[in-house]
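Asker: Structure incoming, see below.
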Amino acid sequence: MANISSKTRQLGLIGDPVTHSLSPFLHNFLSDRLGLDYVYMAYRVESENLKEAVLGARALGFRGFNVTLPYKREISPFMDQLSPAAEITGAINTVVAQSSGSLAGHNTDVSGFTRAANRTEYPIENSSCLVFGAGGAAAAVAYGLTRLQADKITICNRTLSKAEQLAHNIGRRTRIEEVRAIGLTSQATDKRVRNANVVINATSVGMVPDEAETIWKDEQAFDSNQLVIDLVYTPSPTKFMNLAASQGAQVLGGLDMLVCQALDSVELWTETQFDTEVAFSESRRRFREELE
Ligand code: ATR
């Protein structure tokens with residue numbers, strides 16, 4: 001950051017609100033660590049100014065930007081191209097300004113999830129997975145699971161109709177063998193959680209200040225053959241992860257996915273592949289310190 005010059009390229013985050021975001025910290029740290037000449041700022045943009053903000057970023061020569069709530073869907077009409085992940089999930093979290101001047105919308109929540117899941121070396125291919133949640137995060141996870149070639153996905157949500165909608169979309173748009181929707185309080189859910197190889201919390205349940213909550217309370221549901229993933233990263237680990245780990249399950253937390261999606265965004269902006277482990281271990285440690 002100390003070396004900003006007239007050659008430094010801009011990156012940023014567009015959303016509302018953005019003041020809570022850790023993305024500027026993470027991205028400026030990554031730029032520094034990877035020796036990149038970029039600066040990353042957070043921009044609060046009001047809904048009626050979204051188009052101007054996008055066009056402004058392009059006119060000012062931004063290399064790209066991240067998009068957060070509430071604009072992950074709303075930004076789509078201003079894109080010239082969409083990646084398959086952005087198109088299928090209907091959500092964009094990374095925009096790349098291409099040399100032609102056109103804007104491409106991507107979803108690195110999907111690739112961040114698959115990258116983080118691959119690091120566990122758990123065999124997700126041909127597995128049976130259960131996803132808690134049916135919002136944007138769950139859509140990214142469900143599509144990511146199809147890319148990891150899971151066989152079966154159950155979408156389990158408090159509001160059943162939203163689970164059905166997501167299951168329908170995934171079933172229609174991918175080659176998944178089986179995708180089902182189920183309510184959170186359905187009697188069959190217990191068995192589904194027990195029988196799943198991979199269980200993922202893609203809801204906000206368990207996030208501070210409600211860290212005493214957990215999406216699934218029955219610790220007997222978990223065992224040492226399972227991989228249990230929580231997208232929540234405050235606290236880290238979550239109660240859900242602790243519960244599953246106490247039964248011997250392998251666990252993966254939201255911090256890993258957050259770092260991986262940021263790395264994926266950087267790779268899109270720089271068109272360079274970075275050694276995941278080099279950037280990963282240090283940024284994860286620094287990020288954890290920042291959160292404490
Ligand atoms: P995101 O884009 O981060 O996924 P979202 O679209 O608001 O956010 O989705 C939040 C998810 O968490 C939803 O699946 C929501 O369930 P509903 O569809 O029934 O609202 C789920 N969720 C949030 N609070 C919950 C709670 N207390 N119990 C169960 N599920 C909850």
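Asker: Could you work out how far apart the two model spin labels at S76 and R194 are, taking each label as a point 7 Å from the Cα in the direction of the beta carbon, and quote it in nm?
Answerer: 4.0
Asker: Using a Gaussian network model on the chain with a 10 Å cutoff between Cα atoms, which of K191, K51, K162 fluctuates the most?
Answerer: Comparing K191, K51, K162 in the GNM, the peak value goes to K191.
Asker: At q = 0.08 Å⁻¹, what base-10 log of I(q)/I(0) does the Debye formula yield for the chain when every alpha carbon is treated as an equal point scatterer in vacuo?
Answerer: -0.34
Asker: Let me know the shape class of the range 1-116, please: from the alpha-carbon gyration tensor, a ≥ b ≥ c as square roots of the eigenvalues, rounded when a/c is under 1.5, otherwise prolate if a/b is greater than b/c, or oblate.
Answerer: Rounded.
Asker: Do any GluC sites (Glu not before Pro) in the range 210-276 lie in a loop, going by DSSP, with at most 16 other beta-carbon atoms within 10 Å of their beta carbon, and if so which? Let's see the in-between values first.
Answerer: Details: sites: E211, E213, E219, E267, E271; in loops: E211, E213, E271.
Passing both the DSSP loop test and the Cβ count: E211, E213, E271.
Asker: If we sort 241-254, 197-210 on the protection proxy, mean other Cβ atoms within 10 Å, highest first, what's the order? Show your work: numbers first, answer last.
Answerer: On the way: 241-254: 18.7, 197-210: 20.5.
Most protected by this proxy first, the peptides run 197-210, 241-254.
Asker: If neighbour count is taken as other Cβ atoms inside 10 Å, put T114, T234 in order from fewest to most.
Answerer: T234, T114
Asker: Turning to a different aspect of this structure: Mean Kyte-Doolittle of at least -0.5 and a Cα length of 15 Å or more along the axis: which whole DSSP H helices of the chain meet both? Show your work: numbers first, answer last.
Answerer: On the way: long enough: 23-34 (16 Å, -0.08); 108-120 (18 Å, -0.67); 136-147 (17 Å, 0.81); 160-173 (20 Å, -0.86); 254-270 (24 Å, 0.76); 276-291 (21 Å, -1.18).
Answer set is 23-34, 136-147, 254-270.
Asker: If you look for lysine pairs in the chain that are eight or more places apart or on different chains, how many of them have Cα atoms under 29 Å apart?
Answerer: Number of lysine pairs found: 16.
Asker: Same structure, new question: Gain in length, D223 to E289, computed as 0.36 nm per residue apart minus the alpha-carbon separation, to one decimal in nm?
Answerer: Values: separation 66, 0.36 × 66 = 23.76 nm, distance 3.06 nm.
Result for the pair: 20.7 nm of gain on full extension.
Asker: Of the peptides 60-68, 84-92, how do they stack up when ordered by the mean number of other Cβ atoms within 10 Å, highest first?
Answerer: Details: 60-68: 20.0, 84-92: 21.9.
In descending order of packing, they fall as 84-92, 60-68.
Asker: Turning to a different aspect of this structure: Mind ordering 23-29, 255-261 by average Cβ neighbours within 10 Å, highest first? Display every interim value, and only then the final one.
Answerer: Working: 23-29: 20.3, 255-261: 23.7.
Going from most to least packed, we get 255-261, 23-29.
Just so you know, all these numbers are worked out from the coordinates, no wet-lab data involved. From a predicted model like this one, the values you see are computed outputs, not experimental measurements. All Cβ positions, even for glycine, are placed from backbone atoms using ideal geometry, and neighbour counts span all protein chains on display.
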